[in-house]
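Note sheet for the following structure.
The values are calculated or read from the model by the stated rules, or taken from the named source; none is laboratory data. In this text the structure is predicted, and so the values were computed from the model without any measurement. Every residue, glycine among them, receives a Cβ derived from its backbone with ideal geometry; neighbour counts consider all protein chains shown.
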Amino acid sequence: MDRVTALADTIERLDLWHLSLPVVSRRDHGIGSVGGAVEVVVVRLTATGGATGWGEAACWSVFTGTPENAYAALDRYMRPAVIGAPVGDIAGVMARAERAVAFSTDAKAALETALLDLAGRGAGVPVWALLGGKCRDAIPLSVSLADPDFEADLALCARLEADGVRIVKLKAGVQDHAFDVMRLDRLARDFPALDVRVDYNQGLRPDEAMRRVRDVDARGPAFIEQPVRADQFALMRRLREATATPLIADESVFGPEDMVRAIREEICDGVSVKVMKSGGPRRAVAVAKMAEAAGLSAYGGDMFETGLGHLAGVHAIAAAPGITLGCEFYQAKYYLAEDILAEPFPVEGGMVRVPDGPGLGIAPDPDKLARFALRSTVAA
Ligand SMILES: [Mg+2]
């Protein structure tokens, strides 16, 4: 059990682990493939008195950045912004971290999550209470289908249905269009009760995007996500105007600054909100509020995260009424060979349960950190 800390106590230690975590299968996405293992960086802050707070940077080199970058950003460049700061000075620490390092949203997400976890434990309240309070107790879970072996994904769908999961997202735009259409038609035939979404992860070329997206649009998925490159705002807008299916922006919108532009240029009907893109739970909630104010829908996305990274997103979604399309926190239960949390990440009946304990509600198991570490910087 963690010791209680006062918000005026100061942070005296920052420890880091770079983990390599085995996964159960290969996954293909429009921007790249993942297989064998995924790598994350875990940070632990310790306050005078001994209380701790945990956070995770879930990195992907083709999306947010590399684990080596996140590790160095935290270890060398953000450490001076943290050490000696009062536990409750979350906004101050993050403002200094923002000035110390450009980009590196995954490292900033790890730091802010750890600050919120520590402050929540100090105040005896959940992180969602520090983000404005809770509007839901459970979040519908969506699981992504990206196995190049579609038969394996069909077997996963049978398992998901038995577990009560009602939403899947098909990763498309990697192989040819016929493969995507075949999978969509097969899912509609074999799993008619599943809500099917489509995510291209920027995979379509400009010259093919309109035809392929309109063809998928005719099949009526729940939404179509990021068909083209993140910076192709004008093409995103044209695709949105040409289709009846809601178009969702993911890679085009990292933080509130991108959301301003996405709203102004009308590129999407909804947005994927991710703590790892926005640079922390507070900015993720800000993106969700902006989307809601502009009349856009939102869901809670993830990277290749452990249950620790998922928890940061769960508390943000709990505090963001506009995130009505569920979450994708499936890695801990359905993709990692073994998660790092000391208790199972809370998924039941296709819903992620929002923890009510102090801080994030669950902490990592230190033995697992030691077992999966490629390297660590832990003070004696
Ligand atoms: Mg996506």
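Against the test of being in contact with a helix residue (DSSP H, G or I) (Cβ under 6 Å, 6 or more places away or on another chain), of a type in the set (Asp, Glu) and either modelled with pLDDT under 95 or within 16 Å of the ligand (Cβ to nearest atom) (or both), the options Asp147, Asp106 yield a single qualifying residue, Asp106. Of everything listed in (1) outside the structural domain of Ala288 (by TED's automatic domain parsing); (2) out of contact with any strand residue (DSSP E or B) (no Cβ under 6 Å at 6 or more places or on another chain); (3) under 22 Å from Phe254 (Cβ atoms), the single unmet condition for Ala110 is (2).
Just one of (1) within 14 Å of the ligand (Cβ to nearest atom); (2) farther than 18 Å from Gly30 by Cβ; (3) over 13 Å from the mean Cα position of the chain (by Cα) fails for Leu247. It is (2). Annotation for the range 176-199: no member residue is within 15 Å of the ligand (Cβ to nearest atom) and assigned to a loop (DSSP other than H, G, I, E, B).
Looking at Arg264, is it without any contact (Cβ under 8 Å) to a residue 12 or more places away in the chain and closer than 19 Å to Glu251 by Cα? So Arg264 passes the test. Among the conditions (1) buried (at least 23 other Cβ atoms within 10 Å of the Cβ); (2) in contact with a Phe, Trp or Tyr (Cβ under 7 Å, 6 or more places away or on another chain); (3) closer than 20 Å to Ala114 by Cα, Phe304 misses just one, which is (1).
Taking the range 166-175 as the search range and keeping residues that are within 16 Å of the ligand (Cβ to nearest atom) and over 13 Å from Arg219 (Cβ atoms), which one is surrounded by the most Cβ atoms within 10 Å (Cβ to Cβ)? For the range 166-175, the residue satisfying everything is Gly173.
On the given criteria, is Arg240 under 17 Å from Val127 (Cα atoms) and either in contact with a Leu (Cβ under 9 Å, 6 or more places away or on another chain) or within 16 Å of the ligand (Cβ to nearest atom) (or both)? Judged against the criteria, Arg240 is not a match.
Considering (1) of a type in the set (Gly, Ala, Ser); (2) crowded, with 18+ Cβ neighbours inside 10 Å; (3) more than 16 Å from the chain's Cα centre (by Cα), the lone condition that Ala370 does not fulfil carries the number (2).
For the range 224-263, the tally of residues that are assigned to a loop (DSSP other than H, G, I, E, B) and farther than 20 Å from Val198 by Cβ stands at 3.
Scanning the range 296-340 for residues that are closer than 19 Å to Val165 by Cα and of a type in the set (Phe, Trp, Tyr) yields Tyr299, Phe329, Tyr330, Tyr334, Tyr335.
Looking at Met290, Met303, can you tell me which residue is within 23 Å of Phe103 (Cα to Cα) and more than 17 Å from the chain's Cα centre (by Cα)? That would be Met290, the only listed residue that is within 23 Å of Phe103 (Cα to Cα) and more than 17 Å from the chain's Cα centre (by Cα). Quick one: what pairs do we get from the range 328-352, first residue at positive phi, second assigned to a strand (DSSP E or B), C-beta under 9 Å, 6+ apart or different chains? From the range 328-352, the pairs are Gly349/Ala138; Gly350/Pro140; Gly350/Leu141; Gly350/Ile167.
Within the range 34-47, the set of residues being more than 17 Å from the chain's Cα centre (by Cα) and part of a strand (DSSP E or B) comprises Ala37, Arg44, Leu45, Thr46, Ala47. Does the range 274-297 contain any residue that is within 14 Å of the ligand (Cβ to nearest atom), among the charged types (D, E, K, R) and without any contact (Cβ under 8 Å) to a residue 40 or more places away in the chain? Yes, the range 274-297 has at least one match.
The requirement of being within 28 Å of Phe150 (Cβ to Cβ), touching a strand residue (DSSP E or B) at 6+ places or on another chain (Cβ under 8 Å) and either within 12 Å of the ligand (Cβ to nearest atom) or modelled with pLDDT of 95 or more (or both) is satisfied by Gln226.
Within the range 40-57, the set of residues being touching a strand residue (DSSP E or B) at 6+ places or on another chain (Cβ under 8 Å) and closer than 11 Å to Thr10 by Cα comprises Leu45, Thr46, Ala47, Thr48.
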